[in-house]
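The values are calculated or read from the model by the stated rules, or taken from the named source; none is laboratory data. Owing to the predicted nature of the structure, the values given are computational and were not obtained by experimental measurement. Note that each Cβ is placed from the backbone with ideal geometry, even for glycine, and that neighbours are counted across all protein chains shown.
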Amino acid sequence: MASAFLCCPGPLASSSPQLRLHRGAKRSFPVAKRRATDVVCSSDRIGDKRKGAAVGDDEDGPSFRPFGFVTDNPSSRSAIQLPESPAEDGNVGQMLYRIEDKGREYGSYVKSGKLRWFVRETGSLDNNRGTILFIHGAPTQSFSYRVVMSQMADAGYHCFAPDWIGFGFSDKPQPGYGFSYTEDEFHKEFNRLLDALNICSPIFLVVQGFLVGSYGLTWALKNSNKISKLVILNSPLAISSPLPGLFQKLRIPLYGEFTCQNAVMAERFIEAGSPYVLKSEKADVYRLPYLSSGGPGFALLEAARKANFNDFLNRIVAGFSSTSWDKPILLAWGVEDKYLNLAEAEEFQKGNPDVVEVKKIEGAGHMPQEDWPEKTVEALKAFL
């Protein structure tokens, strides 16, 4: 049973020897084969883990060995870490025991209709600068916003970040039994959640990522009266936006069923879109839902197969054009995104130049809120 959750289709990078240098270092070092018990040096800061320019696998080692030098924070230039390979972390039971209490910062369960949502909240109604609603993309979870929403609460905002149904710690109903993972159903249940949270005043909406991230944007088009300002972090914004390999695989019969049960799918998707490697304790949290049961993988599979990517991308392009949308929009864009090029954000801005502003997040990849939360917070504060 354990092998079903730990299947790895193959390495993400070349297996040829690589030299890697962490940020700010003066020398490069060859990457040697390491055991999971080797001593690891890192900063205690919660910031991002910087990795070198390339990631490779040992020729005689297991798949997915993302060994590389990484700094724990932009301010920690000397800290390095060699993350453990998931294949060397032990069996499923041991991993679940080790990480089952992780990743629930600021979170609690909220019942909405027949479904339970896991919702993170920082600040309170006493925070007078307004309410921010953070929306994550697939195949990740609201955990990616934990640092940003904490700092935005300190700046005077009331913040919410739910896990979409089927993702993170929220309910993952079997498809067809009360929830079938279509765009309309995501929108319907999302509205119920907002009612349960008593969010009724115009909000600041922050959206990031693919699939359910895009559903956050199509929800915004249907509910513009509920939104004061919109922030988009690295989400597909063009009809020609490339579809990452993960979603292409999920849509292939049989192969999709195999792919969706890869326990390290989410963390590898994050790392493949970023110039950095996740630190082990972060990767644990993104891995946890897919280790706990097969439900999250099949929920993602169903959502990917039900999605009409061309249709909702067409609606996003048309809906946020100058003839249709007049609310301020900030594109806070990680310029090192391996999935979505900065040119896509700049082209989107041309469609509505009077309301769309582009802020480059230098050094960040597909998930700037995870890669470099400090810079993301700076961009949000300046815009909101």
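Which residues, taken from region 289-300, are surrounded by fewer than 23 Cβ atoms within 10 Å (Cβ to Cβ) and in a helix (DSSP H, G or I)?
Selection gives Leu291, Ser292, Gly295, Phe298.
Could you pull out the residue among Asn198, Asn225 that is over 15 Å from the mean Cα position of the chain (by Cα) and free of Cβ contacts under 8 Å to residues at least 12 places away in the same chain?
Of Asn198, Asn225, the one residue that is over 15 Å from the mean Cα position of the chain (by Cα) and free of Cβ contacts under 8 Å to residues at least 12 places away in the same chain is Asn198.
Filter region 326-347 down to the residues that are more than 18 Å from the chain's Cα centre (by Cα) and either in a loop (DSSP other than H, G, I, E, B) or among the aromatic types (Phe, Trp, Tyr) (or both), then identify the one that is surrounded by the fewest Cβ atoms within 10 Å (Cβ to Cβ).
Looking at the filtered set, the residue picked out is Asp326.
Would you pick out the residues in region 181-221 that are touching a Gly at 6+ places or on another chain (Cβ under 8 Å) and on the phi > 0 side of the Ramachandran plot?
Tyr181, Gly209, Leu211
Go through region 129-153 and count every residue that is over 15 Å from the mean Cα position of the chain (by Cα) and assigned to a loop (DSSP other than H, G, I, E, B).
Count: 2.
On the basis of being out of contact with any strand residue (DSSP E or B) (no Cβ under 6 Å at 6 or more places or on another chain), over 19 Å from Pro275 (Cβ atoms), modelled with pLDDT of 95 or more and aliphatic (A, V, I, L, M), does Ala307 make the cut?
Here the answer is yes, as Ala307 does meet what is asked.
Which residue out of Glu189, Glu121 is part of a strand (DSSP E or B) and farther than 23 Å from Phe320 by Cβ?
Just a single option satisfies the conditions, and that option is Glu121.
Kindly check whether there is at least one residue in region 237-246 that is surrounded by fewer than 16 Cβ atoms within 10 Å (Cβ to Cβ), touching a residue at least 24 places away in the same chain (Cβ under 8 Å) and over 18 Å from Gln369 (Cα atoms).
yes
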